[in-house]
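Asks: This is the structure I want to talk about, given as structure tokens.
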Amino acid sequence: MSHGTANLRWKIVAFLIAPITFVMTLDRAAMTVAAPTIQKELGLSIVEMSMILTIYFWTYAIGQVPAGRMAESIGPRKVLASTSAVWSLMMLVTPLGPTFSWLFGCRLVLGGAQSADWSSGVVAVKRWFPNAERAKGNAYLLGGLYLGPIVSAPLTAWTIMKFGWPAVFYGFGILGLLLGGIWWLGFRDRPTEHPLITAQEAKFIADGQSVDTPQAKGAFLQCFKQPRFWMFGIQYFLLVLIQSFYTTWLPTYLMRARHLSLKDMGIYASLPWVAVFVAVFAAGNLCDWILKKTGSVYWARTPVAMAGFVVSALALIAAARAADIGVVIALLCLSFAAVGFAQVTVWSAAQDLGREYTGVMSGWTNLWGALSNVAGPVTVAYAVKVTGHWESGLFLIGIAAFFGAVLWIFLHPERPLGKGQPAAAVATNARVAPQAGATSARPAQPGTLPNGSLK
């Protein structure tokens with residue numbers, strides 16, 4: 001229970017939205033973990049294997065904005081049900097054609113289909129949660145994303161050793177189809193459409209949300225003319241530069257720069273992922289608490305995001321310079337946990353800024369993240385190659401992240417990109433939630449906080 005209302009929205013995010021994102025990350029990582037085995041069994045060259053691995057990210061990036069627009073226009077229920085079916089089928093058929101062209105084609109379609117997952121999840125959270133609870137809702141979504149890397153590598157490796165690499169794709173494909181079916185049966189695009197929701201909870205959600213203006217055809221293209229739309233994408237690019245180090249280079253860094261054994265690396269490399277998984281839930285609670293206390297979207301987003309950027313960058317640079325391995329791991333955990341705080345505020349701000357264009361906003365933001373996932377590892381590799389020291393690579397992406405914090409000075413998430421009222425003017429009903437039989441609080445007028453004072 002929450003504020004006298006039923007809790008269907010929490011069941012939706014915990015048992016539908018987060019799990020389907022979790023299985024998406026399992027599918028994405030399966031080929032990466034299985035790549036050495038597949039390459040050896042099929043006699044593929046290193047170039048062919050690299051093409052199979054990277055084509056996913058190109059189609060994933062290209063599909064972001066169109067998929068976000070589809071989630072807005074036809075709803076995340078249809079979009080995610082259909083695309084999860086496509087990407088799960090791609091997993092199932094991957095082992096059936098053991099040739100380069102077949103594997104390349106399957107990964108190409110897989111990336112395009114999975115491009116719809118994140119924007120659909122962000123739109124779903126926006127529609128199902130009042131503003132005052134949205135950061136916690138986004139924390140569940142991010143939790144599903146970050147749980148994947150914790151589970152995927154050991155689960156995939158164990159399955160390959162026990163049953164062979166095709167079993168990984170069959171198992172994950174069946175799981176994806178199952179979750180896609182559960183999603184279709186259990187999710188609705190609007191809370192009021194769900195047969196299990198109570199009138200009280202539907203009212204609680206509606207009372208705490210911004211009023212979106214109707215979308216004119218093609219009106220979302222106006223977003224591309226606004227500087228803050230571009231700045232928001234760039235700040236996410238700079239944030240993911242640090243995150244990309246953990247997704248690509250961390251195991252190599254621990255073994256080559258810190259001289260850990262394979263066994264020790266496996267233990268230590270998982271700790272930052274546990275840290276960021278815990279951090280997103282702490283960040284969600286903190287952001288919503290600040291919003292309840294201040295009634296200000298600005299204070300609930302901007303300072304937390306800036307602190308996340310700065311702490312993450314400083315901790316990463318300090319980790320590169322530290323000598324003791326215990327200190328190094330602690331600083332790496334702190335750095336990645338700070339990324340988690342920034343991530344929660346990024347996606348909450350994407351909903352604040354985007355309003356009726358949240359799908360486009362989230363797709364656009366994730367596009368920049370996908371580009372950063374390519375640029376980050378290359379930047380680190382080039383810096384290490386030129387200088388001969390890992391410290392230079394970590395220092396470079398750490399400094400870049402500082403500029404992300406600077407951009408937040410100009411983003412103003414309390415001022416939506418559209419023409420609607422400022423986000424700060426929306427009643428934070430978790431703070432003044434109507435109880436059964438009570439009268440809803442009168443919404444604040446545009447330009448004021450919920451208590452009626454001027455902004």
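Asks: Please go through the stretch 25-67 and give me each residue that is among the hydroxyl-bearing types (Ser, Thr, Tyr), modelled with pLDDT of 90 or more and out of contact with any Phe, Trp or Tyr (no Cβ under 9 Å at 6 or more places or on another chain), ordered by number.
Replies: Tyr56, Thr59, Tyr60
Asks: When the stretch 71-97 is examined, which residues are found to be surrounded by 23 or more Cβ atoms within 10 Å (Cβ to Cβ), touching a residue at least 40 places away in the same chain (Cβ under 8 Å) and under 28 Å from His194 (Cβ atoms)?
Replies: Ala71, Glu72, Pro76, Val79, Leu80, Ser84, Trp87, Ser88
Asks: Something else: Only one residue in Ala300, Ala315, Ala279 is without any contact (Cβ under 8 Å) to a residue 60 or more places away in the chain and small (Gly, Ala, Ser). Which one?
Replies: On inspection, the qualifying residue turns out to be Ala315.
Asks: Which one of Trp87, Trp128, Trp118 is aromatic (Phe, Trp, Tyr) and farther than 19 Å from Ser362 by Cα?
Replies: Trp87
Asks: Same structure, new question: Any residue in the stretch 329-339 that is over 30 Å from Ser392 (Cβ atoms), in a helix (DSSP H, G or I) and free of Cβ contacts under 8 Å to residues at least 60 places away in the same chain?
Replies: no
Asks: Quick check, is Leu221 over 26 Å from Arg69 (Cβ atoms), modelled with pLDDT under 95 and out of contact with any His (no Cβ under 6 Å at 6 or more places or on another chain)?
Replies: no
Asks: Here's a follow-up. Tell me, yes or no, whether the stretch 347-356 has at least one residue that is assigned to a helix (DSSP H, G or I), surrounded by fewer than 24 Cβ atoms within 10 Å (Cβ to Cβ) and in contact with a Gly (Cβ under 6 Å, 6 or more places away or on another chain).
Replies: Kept after step one, since they are assigned to a helix (DSSP H, G or I), are these residues of the stretch 347-356: 347-356.
From the residues that got through so far, the ones that are surrounded by fewer than 24 Cβ atoms within 10 Å (Cβ to Cβ) too are 355-356.
Now restrict to residues that are in contact with a Gly (Cβ under 6 Å, 6 or more places away or on another chain): 355.
Checked against the condition, which is being assigned to a helix (DSSP H, G or I), surrounded by fewer than 24 Cβ atoms within 10 Å (Cβ to Cβ) and in contact with a Gly (Cβ under 6 Å, 6 or more places away or on another chain), the stretch 347-356 yields at least one hit.
Asks: A follow-up question, please. In this structure, is Tyr140 in contact with a helix residue (DSSP H, G or I) (Cβ under 8 Å, 6 or more places away or on another chain), at pLDDT 95 or above, in a helix (DSSP H, G or I) and buried (at least 18 other Cβ atoms within 10 Å of the Cβ)?
Replies: Numbers: in contact with a helix residue (DSSP H, G or I) (Cβ under 8 Å, 6 or more places away or on another chain): yes; at pLDDT 95 or above: yes; in a helix (DSSP H, G or I): yes; buried (at least 18 other Cβ atoms within 10 Å of the Cβ): yes.
So Tyr140 fits the description; yes.
Asks: Another question, if that's okay. Give the residue, chosen from Ile12, Ile38, Ile55, that is assigned to a helix (DSSP H, G or I), under 20 Å from the mean Cα position of the chain (by Cα) and β-branched (Val, Ile, Thr).
Replies: Ile12 is the lone residue from the list that is assigned to a helix (DSSP H, G or I), under 20 Å from the mean Cα position of the chain (by Cα) and β-branched (Val, Ile, Thr).
Asks: Considering only the stretch 269-287, how many residues are surrounded by 21 or more Cβ atoms within 10 Å (Cβ to Cβ) and over 18 Å from the mean Cα position of the chain (by Cα)?
Replies: Qualifying residue count for the region: 1.
Asks: What number of residues in the stretch 151-172 are hydrophobic (A, V, I, L, M, F, W, C) and surrounded by fewer than 17 Cβ atoms within 10 Å (Cβ to Cβ)?
Replies: Count: 6.
This table checks each residue for (1) assigned by TED's automatic domain parsing to the domain that holds Glu72; (2) in a helix (DSSP H, G or I); (3) surrounded by 14 or more Cβ atoms within 10 Å (Cβ to Cβ); (4) at positive phi.
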{"site": "Ile174", "(1), (2), (3), (4)": "yes, yes, no, no"}
{"site": "Leu177", "(1), (2), (3), (4)": "yes, yes, yes, no"}
{"site": "Phe232", "(1), (2), (3), (4)": "no, yes, yes, no"}
{"site": "Gln235", "(1), (2), (3), (4)": "no, yes, yes, no"}
{"site": "Ser244", "(1), (2), (3), (4)": "no, yes, yes, no"}
{"site": "Ile267", "(1), (2), (3), (4)": "no, yes, no, no"}
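Asks: Same structure again: Would you say Ser372 is closer than 23 Å to Thr248 by Cα, polar (S, T, N, Q) and part of a helix (DSSP H, G or I)?
Replies: yes
Listed here are the residues, each with its yes/no results for (1) farther than 29 Å from Gly75 by Cβ; (2) under 17 Å from the mean Cα position of the chain (by Cα); (3) at pLDDT 95 or above.
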position	(1), (2), (3)
Ala307	yes, no, yes
Ala313	yes, no, yes
Val327	yes, no, yes
Trp347	no, yes, yes
Arg355	no, no, no
Val386	yes, no, no
Gly398	yes, no, no
Ala405	yes, no, yes
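The values are calculated or read from the model by the stated rules, or taken from the named source; none is laboratory data. Owing to the predicted nature of the structure, the values given are computational and were not obtained by experimental measurement. Neighbour counts run over all protein chains shown; Cβ positions are idealised from the backbone, glycine included.
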